[in-house]
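Trainee: This is the structure I want to talk about, given as structure tokens.
What follows is calculated from the coordinates using simple rules that are stated; it is not laboratory data. What you see is a predicted model; the values in this text were computed from it and never measured. No Cβ is skipped: glycine too gets one built from the backbone with ideal geometry, and neighbour counts run over all protein chains shown.
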Amino acid sequence: MESQQRSPLLEVKGNIELKRPLVKAHSRLPLPGSSFKRGRDQMEDVVEPEKKRTRGPGTASKFAASQPRAPVRTTVPPTQGQTAAPKLPKKTGLRCSTAVATVLKNQKPGPAAPAQKPGTAAPPKLEGKKPSKRPAWDLKGQLCDLNAELKCCREKTRTLDQENQQLRDQLREAQQQATDLGAERRTLEGELSRVRAQAEQGQQELGNLSAHVLELEERLSTQESLVEELQKEQLGLQEERRGLATRLEEQEKRLQASEAALSGSQAEVASLRKETAAQVALLAERGERLHWLEMERRRLHNQLQELKGNIRVFCRVRPVLPGEPTPPPGFLLFPSGPGGPSDPSTHVSLFRSDERRGTLSGVPAAPTRYDFSFDRVFPPGSGQDEVFEEIAMLVQSALDGYPVCIFAYGQTGSGKTFTMEGGPGEDPQMEGLIPRALRHLFSVAQELSSQGWTYSFVASYVEIYNETVRDLLATGTRKGQGGDCEIRRVGPGSEELTVTNARYVPVSCEGEVEALLHLARQNRAVARTAQNERSSRSHSVFQLQISGEHAGRGLQCGAPLNLVDLAGSERLDPGLAFGPGERERLRETQAINSSLSTLGLVIMALSNKESHVPYRNSKLTYLLQNSLGGSAKMLMFVNISPLEENASESLNSLRFASKVNQCVIGTAQANRK
Ligand code: ADP
Ligand code: MG
């Protein structure tokens with residue numbers, strides 16, 4: 001760098017040295033930059049030592065002796081150096097006179113000498129001997145000397161003028177040269193500054209370039225490391241690629257296998273689809289067939305029920321309870337059916353001894369036998385399940401769209417409530433008809449759902465006491481209270497009836513039904529008093545509204561199922577009828593008897609196909625009017641006490657039931673004895 005920077009300078013220096021010859025070689029002027037600036041002053045200084053020398057004592061003689069002026073002046077060229085130039089005082093005076101004297105000494109006697117006047121002393125000889133001083137009197141000689149001296153001075157002056165002119169010319173030339181050199185110097189200085197600027201710029205550029213080089217080197221190293229990394233990465237990727245290629249190969253193999261399996265599966269699927277379509281068609285056909293079968297089943301079922309009788313009567317004799325007197329053997333007999341002991345019993349015989357007949361003959365008369373025949377007779381040992389089995393088909397008629405009414409008729413304590421609701425406790429074997437019937441309905445409805453049928457059930461439970469209706473499912477403040485319930489038609493022109501202010505509870509499982517029965521038992525317990533066991537004096541009506549729909553075929557069916565626990569059928573003892581508090585009891589009994597006899601009359605009117613059916617004569621028949629007659633199915637349980645003491649009431653019950661049975665079923669009449 002130093003060398004690079006220096007090189008232009010050296011170049012300039014070289015130029016300067018080369019340009020020196022611009023100064024004339026023969027010039028004796030001082031070099032520019034040293035004494036050149038002094039100019040005229042310097043020139044005077046050069047002259048000045050001469051003056052000093054001439055001032056000293058004996059100067060004139062020395063000057064005269066060593067430097068004869070004239071010959072020198074003529075031989076030295078005017079351009080020679082100052083050393084050769086004559087040093088002349090600017091002033092005359094003593095120095096001038098001394099010079100004149102010197103000149104005069106050097107001069108050869110001129111032609112003026114002969115012009116010396118005779119008589120005047122000859123001028124002293126100048127050569128070889130110092131002229132002697134003219135005597136004072138030799139004025140002429142002195143004048144002559146003075147003239148000579150003047151002449152010499154003039155000559156000298158002219159010479160000096162010439163020299164002066166020469167010197168001036170030289171000075172001008174030198175000044176011109178100095179001017180040129182100055183210009184040249186400025187040019188060179190300009191060039192120098194330009195070169196310096198260039199050098200600075202070059203240095204700056206060099207610096208920039210160095211920085212750039214450093215930067216590039218840095219980038220290069222970064223790039224190199226990057227390249228190294230990339231190479232490593234590439235190696236890794238190559239490795240990975242090899243692994244992937246291997247996996248790809250495996251996958252391709254698997255894919256090929258899968259494709260082969262898929263094509264196999266597709267063929268299988270196609271065949272399965274064909275098979276499925278065939279199955280679907282078959283299923284549709286079978287569904288159609290099933291539906292036809294179901295409808296046929298319903299038709300046949302109904303036909304069977306009708307053949308059995310739209311009004312059927314079952315007799316159930318309860319067992320003797322612990323603590324009760326054992327009835328005499330043979331008091332009640334259950335003769336076998338025509339098919340033998342395996343045949344379900346349909347007959348019951350009651351033996352009653354007639355005390356009056358015995359008194360008349362004096363011999364105890366044989367007990368009178370009363371035979372009754374019903375659709376079915378359940379002796380004391382019959383279980384709840386056995387009883388239900390007989391009515392299950394009837395209950396199913398409600399699902400098929402036929403209204404069903406099941407009554408429990410009998411004196412108080414004969415087992416009506418046991419038959420309908422079940423025995424006390426949680427024993428499932430003791431469950432009555434209501435929970436069993438509902439469970440059966442739920443189960444059949446579930447089965448029918450697979451054929452497209454949807455069923456819903458809504459339960460209500462009311463009590464009719466003394467011709468007033470009370471809700472047994474009432475909750476809260478209405479619990480156990482007397483009824484402000486009324487039986488009304490759902491709407492004007494509608495056949496459907498509803499009980500106002502009674503709860504209608506949707507049910508779908510046994511648990512819900514059990515909860516409702518429990519609530520009804522609680523409501524009855526609240527209403528019970530010591531003097532009046534009201535439950536036995538009232539009818540309990542459990543109603544289940546069944547609605548079925550087959551959305552696919554646009555079919556609807558539904559009918560009410562009524563399970564009625566009738567009030568005790570016993571008659572009031574005429575001897576007790578006039579006792580205190582018995583008037584109310586009498587009125588109750590009359591109401592019960594009235595409603596029970598109305599029920600009998602309604603059944604008879606329906607049986608005889610009378611135009612007027614007295615439904616309105618009692619609340620019970622009014623409430624049940626849609627479930628009696630027409631396509632409705634009715635079943636009456638006549639509950640009988642096994643005790644001999646209840647023989648009279650049992651006989652009454654059996655007679656009532658028999659009447660019902662006779663009225664409707666012709667076969668019963670044929671069987672009647
Ligand atoms: P009702 O309702 O007709 O007044 P209950 O159903 O209350 O008569 O029956 C009276 C008593 O007899 C109850 O204690 C009951 O448990 C019992 N009972 C009735 N029928 C049967 C039967 N089939 N098996 C066992 N106990 C019965
Ligand atoms: Mg009862």
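Trainee: I need the calculated FRET efficiency for the pair Glu495 and Ser353, taking r as the beta carbon distance and R₀ as 51 Å, to the nearest 0.05.
Mentor: On the way: r = 51 Å, r/R0 = 1.00.
Rounded to the nearest 0.05, the efficiency is 0.50.
Trainee: Same structure, new question: Can you give me the long-range amide H partners of Leu472? Hydrogens built in the peptide plane at 1.01 Å from N, cutoff under 5 Å, separation of 5 or more residues or another chain.
Mentor: Those lying under 5 Å, H to H, from Leu472 are Tyr461, Val462, Glu463.
Trainee: Taking the alpha-carbon set of segment 133-279, what are its Rg and Dmax in Å?
Mentor: 58.1, 190
Trainee: Given points 7 Å out from each Cα along the Cα-Cβ axis, report the Val280 to Thr326 separation in nanometres with one decimal.
Mentor: 7.3 nm
Trainee: Along the Cα→Cβ direction, 7 angstrom out, place labels at Arg583 and Glu249. What is the inter-label distance in nm?
Mentor: 11.7 nm
Trainee: Once you have all Cα-Cα distances for segment 379-661, histogram them in 5 Å bins from zero and send the whole-percent values.
Mentor: 1, 5, 12, 16, 19, 18, 14, 9, 4, 2, 1, 0, 0, 0
Trainee: Okay, next question. Once R0 is set to 60 Å, what does the formula 1/(1 + (r/R0)^6) return for the Cβ-Cβ distance between Ser607 and Ala261, expressed as a FRET efficiency to the nearest 0.05?
Mentor: Between Ser607 and Ala261 the formula returns 0.20.
Trainee: Taking the beta-carbon count within 10 Å as an exposure proxy, list Phe314, Phe418 from fewest neighbours to most.
Mentor: Phe418, Phe314
Trainee: 7 Å from Cα along Cα→Cβ at both Glu205 and Thr454: what's the point-to-point distance in nm?
Mentor: 9.8 nm
Trainee: Near Lys133, which aspartates and glutamates are there with a Cα under 13 Å away, not counting those fewer than 8 places off in the same chain?
Mentor: Hits, sequence-local ones excluded: Asp145.
Trainee: What is the extension gain from Glu426 to Thr468, computed as 0.36 nm multiplied by their sequence separation minus the C-alpha to C-alpha distance, in nm to one decimal? Please list the in-between numbers first.
Mentor: Working: separation 42, 0.36 × 42 = 15.12 nm, distance 3.15 nm.
Separation in residues times 0.36 nm, less the Cα-Cα distance, equals 12.0 nm.
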